[in-house]
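The values are calculated or read from the model by the stated rules, or taken from the named source; none is laboratory data. Note that the coordinates shown come from a computational prediction; the quantities given were computed from them, not determined experimentally. Cβ coordinates were reconstructed from backbone atoms using ideal geometry, including for glycine residues, and neighbour counts include every protein chain displayed.
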């Protein structure tokens, strides 16, 4: 049997729980998934996927000035008034029509 080495990491509990749920459905233990990731790091000589910032950042209320917040609200009101917004009720009705749900 090959020698092994321990790796200890700290994770946000939600990240651990959500990833374990997915990995369990795939039948892959967390330790195997991490080993697969590290093997890909070696094979690709780097992170095996693209790392970049999202196109648009989520808006956090606390990070906005009063002017920015007011502008966002005004934009939302203008979109609603122009009819570019679909109500939740309309979405539910369309889902019922298309999928019988």
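Please determine, by comparing only the residues of the stretch 27-52 that are in contact with a helix residue (DSSP H, G or I) (Cβ under 7 Å, 6 or more places away or on another chain) and more than 18 Å from residue 6 (Cα to Cα), which one is surrounded by the fewest Cβ atoms within 10 Å (Cβ to Cβ).
Checking each candidate, the answer is 47.
Please specify each residue of the stretch 35-62 satisfying the condition of being assigned to a helix (DSSP H, G or I) and within 30 Å of residue 9 (Cα to Cα).
35, 36, 37, 38, 39, 40, 41, 42, 43, 44, listed by residue number.
Quick grid of which residues meet (1) out of contact with any helix residue (DSSP H, G or I) (no Cβ under 7 Å at 6 or more places or on another chain); (2) in a loop (DSSP other than H, G, I, E, B); (3) at pLDDT 90 or above:
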residue	(1), (2), (3)
2	yes, yes, no
8	yes, yes, yes
17	yes, no, yes
25	yes, no, yes
71	yes, no, yes
86	yes, yes, no
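Here is a list: 74, 55, 67. Which entry is surrounded by 10 or more Cβ atoms within 10 Å (Cβ to Cβ) and free of Cβ contacts under 8 Å to residues at least 12 places away in the same chain?
74
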